[in-house]
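Asker: Mind having a look at this structure? Questions to follow.
The values are calculated or read from the model by the stated rules, or taken from the named source; none is laboratory data. Computed from a predicted structure; not experimentally measured. Methodologically, a virtual Cβ is constructed for each residue, glycine included, from the backbone with ideal geometry; neighbour enumeration extends over all protein chains shown. For the accessible areas, the whole protein counts, side chains as well, though only heavy atoms, and no ligand, DNA or RNA atoms are used. Shrake-Rupley method; radii C 1.70, N 1.55, O 1.52, S 1.80 Å.
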Amino acid sequence: MNEAMLALWAGLPVFLVHSATSLLILFVGVAIYIKLTKHDELVLIRAGNSAASLSLGGAIVGLALPLAFSLAASVSLWDLFIWGVVALLLQLIAFRMTDLFLKDISTRIETGDMAAAIFLVSVKLGTAFINAAAISG
């Protein structure tokens, strides 16, 4: 029991710093995503727009998944930070490419178009799975 407590105290600071860094990257990524979209997800969600909720939820999961794999595979805080930022950029590029493909996806989300939201979430999550696997090696 004593050895377990010593291991906990030795590893706890690293755990806290790495978790906080990952959550900070996720928070910044979601904030950037919200700023990049033409529509205001939070206003739409408060108004009961399910497409906006699905889209933002997909963005959050899509950003968190590669971050989780970065956290698991990182060997240092800088490693985690660099791969976390790379994952964030790739996810934001995926959104932009989908926007170009679907022609004005923001308007479709604003009007509650669930088909567009489901497709967008699928692209976000598909990209996230691929990024997560690539990051973990």
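Asker: Place a +1 charge on the Cβ of each Lys and Arg in region 9-113 and a -1 charge on the Cβ of each Asp and Glu, then give the dipole magnitude about the Cα centre in debye, rounded to the nearest 20.
Answerer: Value, rounded to 20: 60 debye.
Asker: Summing -39500 (n - 2.57) over the DSSP H runs of n ≥ 4 in the chain and dividing by its residue number, what mean residue ellipticity at 222 nm do you reach, to the nearest 500 deg cm²/dmol?
Answerer: After summing the helix terms and dividing by the residues of the chain, the value is -30000 deg cm²/dmol.
Asker: Specify the inter-centroid distance of region 100-132 and region 17-31, based on alpha-carbon positions, in whole Å.
Answerer: 23 Å
Asker: Averaging the inverse of every distinct alpha carbon separation and then flipping it gives the Kirkwood radius. What is it for region 58-124, in angstrom units?
Answerer: The answer is 12.9 Å.
Asker: At a 1.4 Å probe radius, carbon and sulfur cover how many percent of the accessible area of region 65-137?
Answerer: 76 percent
Asker: Further question on the same structure: Which entry in (i) 18.9; (ii) 15.9; (iii) 17.1 matches Kirkwood radius over Cα pairs in Å derived from the coordinates of this structure?
Answerer: Computed from the coordinates, Kirkwood radius over Cα pairs in Å corresponds to (ii).
Asker: If you roll a 1.4 Å probe over the heavy atoms of the protein chains, what accessible area per residue do you get for the chain, in Å²?
Answerer: Per-residue value: 57 Å².
Asker: A follow-up question, please. Not counting the cut sites, what is the longest span of the chain without trypsin sites (Lys or Arg not before Pro) that DSSP labels loop and that have at most 12 other Cβ atoms within 10 Å?
Answerer: 39-102
Asker: In terms of Cα to Cα distance under 19 Å, which aspartates and glutamates are near enough to K35, apart from those fewer than 8 places away along the same chain?
Answerer: Result set, ordered by chain and number: D99, D104, E110.
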